[in-house]
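These notes concern the structure reproduced below.
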Amino acid sequence: MAEELIIAASTNKKERYDILIPQIELLVTGEPDIIANFSNIAAALKQTMNFFWVGFYIVKHDQLVLGPFQGPIACTRINFGKGVCGTSWKEKKTIVVPNVDEFPGHIACSSASKSEIVLPAFKNGEVALVLDVDSNVLNDFDDTDREALEKVMRIVEKLL
Ligand code: SME
């Protein structure tokens, strides 16, 4: 596995994702432990994309439970259908929230969080976990983030 990430100096978000994603694939290749892999994926995303908060919530029975993450401490459990994460789980789709204050039922783990994207990963057709990314800037996520982070989720699915 790579010991150091090559981080594009470019301010172009797509270029940074394009350089990062193959490195994420390499980072997890040959390592079977999912906690180790999710930890490094969260760190690689935070380090490269400078997100305010990035982490995994893993489906355990009838709740999402906090998994490996980078950023301030966060809520540990989220119910099905609750908040952005629980809604992504329920609706089995990526959700982009330009302004968290306008999302009914948003769960505010930090008042600094202003916009958010949540993406599900599937195992046998069911949501196994979600990736939650928060920004301290309004309207910070667009189709570039959605497409790139969905590629990351396809890598994550291969680990499940
Ligand atoms: N805002 C999320 C909760 C998780 S924290 O943001 C890390 C939600 O509404 O599901």
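What the table below lists for this structure:
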quantity	calculated
For the chain: relative contact order, % (alpha-carbon pairs under 8 angstrom, 6 or more apart)	20 percent
V137 accessible area, 1.4 Å probe, all protein chains in place, Å² to nearest 10	70 Å²
Anchor K92: lysines whose Cα lies under 24 Å away (excluding residues fewer than 8 positions away in-chain)	K60, K82, K114, K123, K151, K158
Mean residue ellipticity (222 nm) of the chain, computed from DSSP H runs ≥ 4 via -39,500 (n - 2.57), nearest 500	-12000 deg cm²/dmol
Accessible surface, 1.4 Å probe, highest first, among residues T144, T11	T11, T144
Computed over the range 1-40, the ratio Rg/Rh where both radii use C-alpha atoms and Rh is Kirkwood	1.03
Part-to-part distance (alpha-carbon centres) for the range 82-102 and the range 109-141, which is given in Å	7 Å
Estimated dipole of the chain in Debye, rounded to 20 [Cβ of Lys and Arg +1, of Asp and Glu -1, Cα centre]	360 debye
Geometric extent, Cα atoms of the range 15-160 - Rg, Dmax (angstrom)	13.9, 42
Most mobile of S135, S111, S39 in a GNM of the chain (Cα contacts under 10 Å)	S111
Accessible area of the range 20-160 divided out per residue, in Å², using a probe of 1.4 angstrom	47 Å²
With all protein chains modelled, accessible area of R154 [1.4 Å, Å²]	100 Å²
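The values are calculated or read from the model by the stated rules, or taken from the named source; none is laboratory data. Being a predicted model, the structure only gives us computed values, none of them experimental. Quick reminder, even Gly has a Cβ in these numbers, built from the backbone with ideal geometry, and neighbours come from all protein chains shown. Areas reflect the complete protein model, heavy atoms only, side chains present, ligands, DNA and RNA absent. Shrake-Rupley method; radii C 1.70, N 1.55, O 1.52, S 1.80 Å.
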